[in-house]
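The values are calculated or read from the model by the stated rules, or taken from the named source; none is laboratory data. This structure is a prediction, so every number in the text was calculated from the model and none was measured. To get the accessible areas, we keep the full protein, side chains included, count just its heavy atoms, and leave off ligands, DNA and RNA. Shrake-Rupley method; radii C 1.70, N 1.55, O 1.52, S 1.80 Å.
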Amino acid sequence: MASFRLILVWSLSICFCLCPHTTSAQLRQNYYANVCPNVESIVRNAVRQKFQQTFVTVPGTLRLFFHDCFVQGCDASVIVASTANNKAEKDHPDNLSLAGDGFDTVIKAKAAVDAFPSCRNKVSCADILTMATRDVVALSGGPSYAVELGRLDGLSSTAASVNGRLPHPTDNLNQLNALFAANGLTQADMIALSAAHTVGFSHCDKFSSRIYNFSRGNTVDPTLNRNYATQLQGMCPRNVDPRIAINMDPNTPRTFDNMYYKNLQNGRGLFTSDQVLFTDPRSKPTVNAWASNSPAFQRAFVSAMTKLGRVGVKTGRNGNIRRDCGAFN
């Protein structure tokens with residue numbers, strides 16, 4: 001019996017070491033109540049100021065959170081700058097399109113928190129990014145929700161660690177499901193989180209193949225709404241400046257809502273990885289359900305964001321609280 005218990009404990013410890021989506025008991029609401037009780041309002045005010053300067057704050061911060069959590073967990077490692085001796089996550093090709101306003105939002109919120117002596121160097125950049133993400137969703141019309149806090153900042157950030165961890169615009173449902181499952185997220189979570197594209201933007205080169213050279217038999221992707229394809233060709237002519245970006249939601253690009261799913265029903269998903277959620281019969285019922293039921297979508301989104309925020313949390317000696325979000329202590 002004793003040996004059985006030993007094997008059980010050993011097995012569990014191995015799981016906790018290897019499973020990237022294991023949740024730490026450290027995460028909880030009001031984690032900073034004793035050291036920085038006003039941290040959420042401090043961050044919210046800083047994010048609001050940044051939001052008033054530019055709407056890009058919203059998609060920039062949301063995408064930053066997602067790209068951070070999917071690579072080595074939610075540990076703010078994506079914010080770390082490269083050095084002469086280390087090419088960091090943010091300089092991997094998959095992260096080069098991350099908006100500078102997302103990084104700036106976290107840096108300004110960190111400065112606002114550290115301006116309070118009792119809070120200085122007590123709140124992790126990972127938690128600030130988590131709070132800021134919740135705040136940009138609410139500021140753009142989406143749901144507000146309680147966030148779990150208590151993450152430490154990661155001690156490593158390498159471009160190599162990004163390889164194969166992030167979804168691509170051409171991914172099919174199997175590829176998307178596999179990436180999300182690797183982080184403990186379900187297909188429903190994936191479909192809910194994909195709706196962040198309702199406030200996103202994209203550079204033309206990310207989808208140009210869908211409107212100019214889709215296949216030998218079809219110049220334009222047949223799953224793309226014809227009128228929408230013509231609009232996209234007008235906004236993204238051949239050989240367009242690669243810095244040109246367009247809204248991913250052609251209808252309500254500055255409102256966090258369930259229009260994303262209605263667009264998919266009408267063939268207006270910008271990426272193949274968006275439109276496949278409607279064309280694949282396994283995910284189509286969920287798209288239809290949330291297109292017609294905004295409260296159900298919002299509940300699913302909050303649930304998925306909470307689960308995403310638990311991915312790869314660093315605790316103890318596996319992390320620390322960075323004095324500068326862009327550099328290791």
Using a 1.4 angstrom probe with every protein chain in place, what is the largest-first accessible-area order of His168, His203? His168, His203
Long-range share for the chain, i.e. C-alpha pairs more than 37 Å apart as a percent of all pairs, stands at 18
Using a 1.4 Å probe, what is the accessible area per residue for region 78-180, in Å²? 37
The chain - mean residue ellipticity at 222 nm from DSSP helices (-39,500 (n - 2.57) per run, n ≥ 4, rounded to 500): -13500 deg cm²/dmol
Summarise the accessible area of region 173-243 (1.4 Å probe, protein heavy atoms) by the percent that is carbon and sulfur. 49
Semi-axes of the equivalent ellipsoid for region 110-260, Cα gyration tensor, largest first, Å: 35, 19, 17
Taking the Cα centre of each part, how many Å lie between region 65-113 and region 280-298? 31
Over region 228-329, with neighbouring protein chains present, the accessible area per residue in Å² at probe 1.4 Å is 48
Taking Cα atoms, how many degrees apart are the long axis of helix 294-308 and the longest axis of the chain, rounded to 10 and kept between 0 and 90? 50
Violations at 26 Å Cα threshold for listed pairs Lys90/Lys314; Lys206/Lys307; Lys50/Lys90 -> Lys206/Lys307
Using alpha-carbon coordinates, inclination of helix 100-114 to the longest axis of the chain, degrees: 30
For region 205-282, build the convex hull from the C-alpha positions and give me its volume per residue in Å³. 97
Would you rank Thr219, Thr57, Thr286 by solvent-accessible area, highest first, keeping every protein chain in place and using a 1.4 Å probe? Thr219, Thr286, Thr57
Strictly greater than 17 Å: what percent of every Cα pair in region 230-329 meets that? 68
